[in-house]
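Colleague: Quick one: this structure, given as structure tokens, is what I'll be asking you about.
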Amino acid sequence: MASSDPNKLMAKADKLTKLSLTRWSADWKSATQLYEQAAIGYRVAKNHEKAKIAFEKASKGQEMLSSPWDAAKHMESAAALAKEVGNWTEVADFYKRASELYIVCGRPQPASDALAKGARALEDAVPDEAIQLYTEACSILEEDDKEQMAFDLYRAATCVYIKLEKYTDAATFLLRWGLAADKCSATNSQCKAYLSAIIVYLYAHDFKQAEKCYNDCSQIDVFLRNDHGRCASKLLSAYSEGDIEEIKRLGQSSTISNLDHVIIRLARKLPTGEVCALKTEAAEEQEEPLDENDLT
């Protein structure tokens, strides 16, 4: 009966992959089966570190056997175990490698999913890396014209940006989501994304950028004629007029209440800065500038 001791299985597998005077070629088929058995044995015994190494070697074996799908699956298992032991660099590297292997198989959806799993695993420990993985996951689906499948990823990346207080980046990603929604005719999601971006700019007290964003989005008729577009217009008007009560009322409106929770929380904290100054600036801009040459 074959040994079920994962340490012995690993040793035997390693021996089969090493060349020597008596072995001129590696037996990857037999070795890979042993690595897989060892990985399962270690995982059952909750020896996460050794199970991770075994799955990594099993993935290499499947690559050598020209089975990128199985190699990707094993690499995902190794990544999950890397998370268990808190090795965040390997979590990122292994999920990226799994994604690359799925691409080799011509399977963009699992490739994107692998990156998304990595991003979720890294959100708390290494949020900047999580954002990078979310971004790459979105790009894969965009390139495959499957923007609709990426909506949860746009949402997740936006949430991480907001947690990091990177509001400009959050708004930019929301606009990217809006563009993706436009491509797949998801009108409601598109308009929500545009209004959300404007709210994020206002929360960051960047009225000029919020106004510019609204003007750009208003070039799109569907937004201009939509409840979300009208809500954005009312918000900006309230800011221009220094009407704090109106800003607070709009923050409680049904249109904003149907946005994502992270955006609702921001909207209900508006205004975050001094809005009276905006009213003064608006009034000054409307005044006729003084002609210094005309002193009569």
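The values are calculated or read from the model by the stated rules, or taken from the named source; none is laboratory data. For clarity, every value in this text was computed on a predicted model and none was experimentally measured. Glycine gets a Cβ as well: all are built from the backbone with ideal geometry, and neighbour counts include every protein chain shown. Areas reflect the complete protein model, heavy atoms only, side chains present, ligands, DNA and RNA absent. Shrake-Rupley method; radii C 1.70, N 1.55, O 1.52, S 1.80 Å.
Colleague: Name the one entry in Ala58, Ala79 that is open to solvent by less than 10 Å² (accessible area, probe 1.4 Å), assigned to a helix (DSSP H, G or I) and touching an Asp or Glu at 6+ places or on another chain (Cβ under 6 Å).
Modeller: Ala58
Colleague: Could you please find all residues in the stretch 22-44 being part of a helix (DSSP H, G or I) and open to solvent by 50 Å² or more (accessible area, probe 1.4 Å)?
Modeller: Of everything in the stretch 22-44, those that are part of a helix (DSSP H, G or I) and open to solvent by 50 Å² or more (accessible area, probe 1.4 Å) turn out to be Trp28, Lys29, Gln33, Gln37, Ile40, Arg43, Val44.
Colleague: List pairs: first in the stretch 90-111 and under 14 Å from Glu76 (Cα atoms), second aliphatic (A, V, I, L, M) and open to solvent by 50 Å² or more (accessible area, probe 1.4 Å), Cβ under 6 Å, 6+ apart or cross-chain?
Modeller: Ala111/Ile103
Colleague: Ser66 passes all but one of (1) open to solvent by 60 Å² or more (accessible area, probe 1.4 Å); (2) of a type in the set (Ser, Thr, Tyr); (3) under 19 Å from the mean Cα position of the chain (by Cα); which number fails?
Modeller: (3)
Colleague: Name the pairs whose Cβ atoms lie under 6 Å apart, with the first residue in the stretch 16-41 and farther than 12 Å from Pro6 by Cα, the second hydrophobic (A, V, I, L, M, F, W, C) and outside any helix (DSSP H, G or I), and 6 or more positions between them or separate chains?
Modeller: From residues that are farther than 12 Å from Pro6 by Cα, the pairs are Thr17/Ala26; Trp28/Leu65.
Colleague: Is it fair to say Ile263 is open to solvent by less than 50 Å² (accessible area, probe 1.4 Å), touching a residue at least 60 places away in the same chain (Cβ under 8 Å) and closer than 29 Å to Lys146 by Cα?
Modeller: yes
Colleague: Quick one: which residue in Leu115, Leu141 is touching a residue at least 24 places away in the same chain (Cβ under 8 Å), part of a helix (DSSP H, G or I) and farther than 23 Å from His74 by Cβ?
Modeller: The match here is Leu141.
Colleague: Could you please tell me which pairs satisfy a Cβ distance under 7 Å, a separation of 6+ or placement on different chains, a first residue in the stretch 180-191 that is closer than 19 Å to Asn258 by Cα and in contact (Cβ under 8 Å) with a residue 24 or more places away in the chain, and a second residue that is open to solvent by less than 60 Å² (accessible area, probe 1.4 Å) and outside any helix (DSSP H, G or I)?
Modeller: These pairs meet every condition: Cys191/Asn226.
Colleague: Among the residues of the stretch 219-228, is there at least one that is part of a helix (DSSP H, G or I), among the hydrophobic types (A, V, I, L, M, F, W, C) and under 20 Å from Thr272 (Cα atoms)?
Modeller: no
Colleague: Can you tell me which of Tyr161, Tyr154, Tyr167, Tyr102 is aromatic (Phe, Trp, Tyr) and touching a Pro at 6+ places or on another chain (Cβ under 6 Å)?
Modeller: From the options Tyr161, Tyr154, Tyr167, Tyr102, the qualifying one is Tyr102.
Colleague: Determine whether the stretch 235-242 contains at least one residue that is closer than 21 Å to Lys166 by Cβ and either more than 28 Å from the chain's Cα centre (by Cα) or not in a helix (DSSP H, G or I) (or both).
Modeller: no
Colleague: If you don't mind, another one. Which of the following residues is at pLDDT 95 or above, closer than 19 Å to Thr255 by Cα and open to solvent by 50 Å² or more (accessible area, probe 1.4 Å): Asn188, Asn215?
Modeller: Result of the check over Asn188, Asn215: Asn188.
Colleague: Quick one: in the stretch 94-153, of everything that is of a type in the set (Gly, Ala, Ser) and open to solvent by 20 Å² or more (accessible area, probe 1.4 Å), which residue is nearest to Ala170 (Cα to Cα)?
Modeller: That would be Ser139.
Colleague: For the stretch 154-173, what are the residues that are basic (Lys, Arg) and either in a helix (DSSP H, G or I) or crowded, with 20+ Cβ neighbours inside 10 Å (or both)?
Modeller: Arg155, Lys163
Colleague: Can you find a residue in the stretch 112-131 that is in contact with a Ser or Thr (Cβ under 6 Å, 6 or more places away or on another chain) and within 25 Å of Arg176 (Cα to Cα)?
Modeller: Yes, the stretch 112-131 contains at least one residue that is in contact with a Ser or Thr (Cβ under 6 Å, 6 or more places away or on another chain) and within 25 Å of Arg176 (Cα to Cα).
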